[in-house]
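Here is the structure we will look at.
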Amino acid sequence: MQALRRLRDLLSSWCADYLSRPIKGFEAPAACSLDQLAALLQPGDVLLVEGNLRISSVIKYITQSTWSHVAIYVGPQPGAPSDDPPVLVEAELAQGVILSPLSKYVNF
């Protein structure tokens, strides 16, 4: 039973790693600069992203959408560094729910 559990965990880890790899040659069209976006965002806003990972292609195919990822803008958190603070809440396949800076999506 324990060997089966280890095999399942190994396969899950491998799949998550494989699907989390970037697609070679991916270039998303930029709609606006990061500074323009930061000036407009307010807490509670939803940021839609066209991702560059393999899992993004699967999500876009299944949902028939341009967007494959979503993050919620919560604003700078108390005690966070002021140069590039985490301002987004999002779910990542391999990491779970995390806080991320807006700069993470500078090329998206």
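The values are calculated or read from the model by the stated rules, or taken from the named source; none is laboratory data. As the structure is a computational prediction, the values presented were derived from the model and not from experiment. Note that we place each Cβ from the backbone using ideal geometry, even for glycine, and neighbour counts take in every protein chain shown.
What the table below lists for this structure:
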item: Search result, residues across the range 49-91 that are charged (D, E, K, R) and at pLDDT below 85; result: E50, R54, K60, D83, D84
item: Count - residues of the range 61-77 that are more than 14 Å from the chain's Cα centre (by Cα) and either more than 22 Å from G96 (Cβ to Cβ) or buried (at least 16 other Cβ atoms within 10 Å of the Cβ) (or both); result: 4
item: Residue satisfying all of: in the range 78-108; assigned to a strand (DSSP E or B) and β-branched (V, I, T); surrounded by the fewest Cβ atoms within 10 Å (Cβ to Cβ) among these; result: V97
